[in-house]
Amino acid sequence: LLAFLSFFSSLFDLATAQQQPAGVVTGIQGQAELTRPAATPSALKFKDGVVIRDVVDTKEKSLARILFGGRSTVTVRELSRLEIREELLPTGARRDVHDLSSGAILVNVARQLMRPGDEVIIRTPNAVATVRGSTVFTQYIAALNQTIFAILFGSVFGGPLGLPPIVITANTGLNVTGSGPAAQVTQTTITQAQANQIIADSNVDKVKEEAN
């Protein structure tokens, strides 16, 4: 009986945790949609909470900025789809997973606010990057099965899914086309002008943010 009660309690705790807000919307420009499992899609609004397994879809000329745990910010660019996930590591640390299936995101992680062992993962259908104390732009182009990582600050470990990651340093871009061992991987240089443009294009309009 005790074993049964312990198992039931664990399931309850897991279900409760999945309903706890993983992040909060701190900026919205244009239109975005929130889809929760087994629920009807609804408009994403300023100060909305997002929970594990929520999916955010942005419309044309729209942006959504989400703060996760006070330590990382994700800006979802236009025509993008992002699923919010979280994994508990064997050490007890937490892994925030940002699953990008289309479009682009800008992820900014404050290393000094991360607990020991915590990780932030950006994952696309063909590539993955581990982020700690970095600013990373990620774009997935489904028609080409191509992921583009652009490291604006710090460094990350990234590369094709299922393969050993490589270190990508600041002002470096990594293009991954295809999947697995057959994937083509190339590195490029990110100029300051390109970095500035990415930041500018990811800036949520303050006036529209306050209006919401």
When Asp48 is run through (1) modelled with pLDDT of 95 or more; (2) charged (D, E, K, R); (3) touching an Asp or Glu at 6+ places or on another chain (Cβ under 9 Å), the failure sits at (3)
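With respect to Ser102, is the statement that it is more than 21 Å from Ile166 (Cβ to Cβ) and either buried (at least 20 other Cβ atoms within 10 Å of the Cβ) or among the aliphatic types (A, V, I, L, M) (or both) true? If you could, list the steps in order and put the result at the bottom.
Working: more than 21 Å from Ile166 (Cβ to Cβ): yes; either buried (at least 20 other Cβ atoms within 10 Å of the Cβ) or among the aliphatic types (A, V, I, L, M) (or both): no.
So Ser102 does not fit the description; no.
Give the range 72-107 a look and list any residue that's of a type outside the set (A, V, I, L, M, F, W, C) and over 13 Å from the mean Cα position of the chain (by Cα), or say none. Working first, answer last.
If we filter the range 72-107 for residues that are of a type outside the set (A, V, I, L, M, F, W, C), which is where we start, we get 72-73, 75, 77-78, 80-81, 83, 85-87, 90-92, 94-96, 98-99, 101-103.
Passing the criteria: Glu78, Glu87, Pro90, Thr91, Gly92, Arg94.
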By residue number, the members of the range 24-51 that are among the β-branched types (Val, Ile, Thr), more than 25 Å from Ile199 (Cβ to Cβ) and open to solvent by 20 Å² or more (accessible area, probe 1.4 Å) are Thr35, Thr40
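Identify all residues within the range 21-39 that are over 17 Å from Lys59 (Cα atoms) and without any contact (Cβ under 8 Å) to a residue 24 or more places away in the chain; write none if there are none.
Looking only at the range 21-39, we keep the residues that are over 17 Å from Lys59 (Cα atoms), and these are 21-24, 26, 36-39.
Selection gives Arg36, Pro37, Ala38, Ala39.
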In the range 108-143, anything part of a helix (DSSP H, G or I) and in contact with a Ser or Thr (Cβ under 6 Å, 6 or more places away or on another chain) is listed as Ala142
Counted residues in the range 72-85 being surrounded by fewer than 18 Cβ atoms within 10 Å (Cβ to Cβ) and more than 21 Å from Ala143 (Cα to Cα) come to 1
Going through (1) over 14 Å from the mean Cα position of the chain (by Cα); (2) at pLDDT below 95 one by one, Pro160 fails only at (2)
Filtering the range 86-99 for residues that are surrounded by fewer than 21 Cβ atoms within 10 Å (Cβ to Cβ) and assigned to a strand (DSSP E or B) leaves a count of 7
Of the residues in the range 105-131, those that are open to solvent by less than 20 Å² (accessible area, probe 1.4 Å) and hydroxyl-bearing (Ser, Thr, Tyr) come to Thr124
| query | Would you call Val167 hydrophobic (A, V, I, L, M, F, W, C), free of Cβ contacts under 8 Å to residues at least 40 places away in the same chain and not in a helix (DSSP H, G or I)? | reply | yes
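The values are calculated or read from the model by the stated rules, or taken from the named source; none is laboratory data. In this text the structure is predicted, and so the values were computed from the model without any measurement. Using ideal geometry, Cβ is built from the backbone for each residue, glycine included, and neighbour counts are taken over all protein chains shown. Just so you know, the surface numbers come from the protein's heavy atoms only, side chains and all, with ligands and any DNA or RNA stripped out. Shrake-Rupley method; radii C 1.70, N 1.55, O 1.52, S 1.80 Å.
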